Amino acid sequence: VTEQPKETPRDIDDPELLATQAREAIEKSAAELRKTSVPIATEPSTVYRP
Amino acid sequence: VSAVELADEFCDLLERIGPTYNAVATVTRERARREAARADTALKRGDTRPLLGIPYGAKDLLAAKGAPTTWGAPPYRDQVFDNDATVIALLGRAGSVLAAKLAMVELAGGGGYRYPSASLQGPGRNPWNTEHWSGGSSSGSGAAVAGGLVPFALGSETSGSIGTPSAYCGVTGVRPTYGLVSRHGAMALSWTLDKIGPMARSADDASQVLEAIAGPDKDDETSANRKYRPLDGRDVHQQVRAVRVAFAEEDIADHASESAKAALENGIAEFKRIVPSFHRATLPADMPFGPMVGTVYGAEGATIFAELIEGERFEELVDARQKAGLRAALDIRARDYLQAMRLRVRLSRAFDEIFHGADVILSAGRTITATPVTQPLDIPPSTASNPPPSRRPGNIGLIAAGNLAGLPAIFFPCGLGTDGLPVGLQLVGRAFSEPLLIALVSAYQRETDHHTKRPAT
């Protein structure tokens with residue numbers, strides 16, 4: 001006997017699912033960045049050359 | 001053979017074989033014949049410039065006057081510029097012949113695509129096995145060089161887009177130091193990360209191309225006032241032997257796939273015979289390279305393409321995940337982007353420390369061979385820049401880290417995996433150390449023949 005799945009798995013390319021995952025990925029990245037220490041005096045790198 | 005005959009020969013190849021690999025965006029035959037005719041005239045005068053009359057292809061994010069420049073994306077399928085990108089103009093000045101615009105992942109993949117098919121030309125197919133991907137985002141550049149459709153190509157890298165197709169296709173690619181090569185006339189994905197570089201059959205070929213395209217450019221604000229000149233041949237051997245190599249054995253021991261592992265280990269052993277001074281050094285283990293680079297190109301790319309993302313043609317993009325990623329990236333917070341930029345400063349200092357005790361860092365180009373064209377690229381979710389915690393990180397984040405720090409790299413083949421697909425290594429050096437990186441790989445390629453191997457056609 002092959003057990004049948006109880007519900008159809010969600011399509012991994014469903015736009016709504018992808019949108020949710022994309023937002024979650026950004027939040028996860030943000031959390032990783034915020035927990036990584038950097039000396040308070042560190043200025044961001046810049047490409048501006050006066 | 002004349003340059004015009006050579007140009008016709010390569011244009012024929014690009015038209016006939018290019019579609020097999022989905023490698024070609026446009027064959028620029030008329031332009032190629034014009035440039036080749038000029039090369040023939042120069043050759044008759046006794047001109048000996050090394051690239052004179054040599055055909056090449058350029059990633060389709062580089063403007064070429066009068067030809068379509070699609071950025072690999074359906075919304076830009078009809079885009080035509082009336083000027084050449086600086087690198088195209090410089091290669092023209094060196095006598096090279098533009099034979100084709102080469103396929104790429106749409107918008108260089110800045111939104112995070114799921115499938116190799118995320119391109120106007122379809123999935124980049126690998127000449128070593130067309131059921132496998134040629135890598136991205138410089139997909140056509142890798143495939144066209146590996147498949148013998150052009151002697152060399154131009155690619156670009158924001159984070160991995162020269163390295164991955166070079167590794168997957170078995171070609172030699174150079175990611176120049178940020179600012180060494182002008183980006184004027186190139187599609188911008190990330191102002192602070194984008195680089196343009198050569199992909200070729202050997203380090204020596206890549207060197208010729210880099211010499212032609214590197215240098216200051218008043219049209220590119222980020223252009224450095226530097227040129228590239230190869231190391232002087234008289235003392236190269238001694239300089240190469242004296243190089244100190246930083247290496248972390250877990251890059252291969254913990255991360256290489258079964259198919260790639262033996263070839264990578266063999267490549268390291270071969271390299272050690274040429275440059276014997278190895279010692280252990282690793283990137284900081286607490287730095288999130290993947291989130292850093294993703295936040296930077298996400299925020300910059302979404303800003304660059306905001307009008308597209310919020311406009312009517314956005315839905316024409318091919319890859320659903322890429323679209324979701326670009327939309328979401330519009331909302332990356334300033335504090336997170338700036339934190340990533342601050343961490344880049346810390347990362348550069350960490351590289352400085354490594355380069356006190358070493359001249360180069362050696363690692364796998366990619367730890368796997370090319371994946372099937374139907375395989376989602378985000379499944380399994382672990383990537384080189386985001387390794388699972390059960391494995392020692394070593395320098396496996398080197399592609400993301402090297403790009404964040406703006407450092408040069410060279411990717412070069414070191415054999416074939418057990419699946420018959422190419423496997424390669426990478427070297428990363430200090431800013432503007434391209435002469436040393438290229439000399440090292442040139443020395444490796446004089447002692448090995450991996451770079452001469454060609455896929456069966």
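Annotations
- Computed about its Cα centre, the charge dipole of chain B is approximately 720 debye, with only Lys, Arg, Asp and Glu carrying charge at their Cβ.
- Alpha-carbon Rg/Rh ratio, for the stretch B:67-150, with Rh computed the Kirkwood way: 1.00
- The protein assembly as shown shape via C-alpha gyration tensor axes, a/c threshold 1.5: rounded
- Shape of the stretch B:302-457, Cα gyration tensor, a/c cut at 1.5: oblate
- Taking a ≥ b ≥ c as the square roots of the eigenvalues of the alpha-carbon gyration tensor, the stretch B:321-381 is classed oblate because a/c is 1.5 or more while a/b is no larger than b/c.
- At least 18 Å along the helix axis (C-alpha) and Kyte average at least 0.0, DSSP helices within chain B: B:3-21, B:289-304, B:434-447
- In order along the stretch B:47-55, the Karplus-derived 3J(HN,Hα) couplings, from 6.51 cos²θ - 1.76 cosθ + 1.60 at θ = phi - 60°, round to 4, 10, 4, x, 9, 4, x, 8, x Hz, and Gly and Pro are given as x.
- Ranking of B:Cys11, B:Cys169 by neighbouring Cβ atoms within 10 Å, starting from the fewest: B:Cys11, B:Cys169.
- Principal axes of chain B: Cα extent on each, largest first, Å: 58, 56, 44
- Cα-based Kirkwood hydrodynamic radius, the stretch B:1-101, one decimal, Å: 13.7
- Amide H within-cut-off set for B:Gly197, under 5 Å, with H built and near neighbours excluded: B:Gly155, B:Ser156, B:Glu157
- Cross-link partners of B:Lys195 among lysines (Cα-Cα below 18 Å; sequence separation of 8 or more within a chain): B:Lys59, B:Lys101, B:Lys218, B:Lys227
- Between B:Tyr297, B:Ala285, B:Gly325, the Cα set farthest toward the positive side of the dipole of the stretch B:273-325 (charges on each charged residue's Cβ, about the Cα centre) is that of B:Ala285.
- Taking amide H as placed 1.01 Å from N in the peptide plane, the amide H of B:Gly415 sits under 5 Å from that of B:Val423, each at least 5 places away or on another chain.
- Residues whose placed amide H lies under 5 Å from that of B:His132, excluding near-sequence neighbours: B:Asn126, B:Val373
- Its Cα centre serving as origin, the stretch B:294-438 has a Cβ charge dipole (Lys and Arg +1, Asp and Glu -1) of approximately 580 debye.
Throughout, read-outs are computed from the coordinates displayed, never taken from laboratory work. Worth saying up front: this structure is predicted, and the values here are computed from it rather than measured. When we count neighbours, we look across all protein chains shown, and the Cβ atoms used for this are built from the backbone with ideal geometry, even at glycine.
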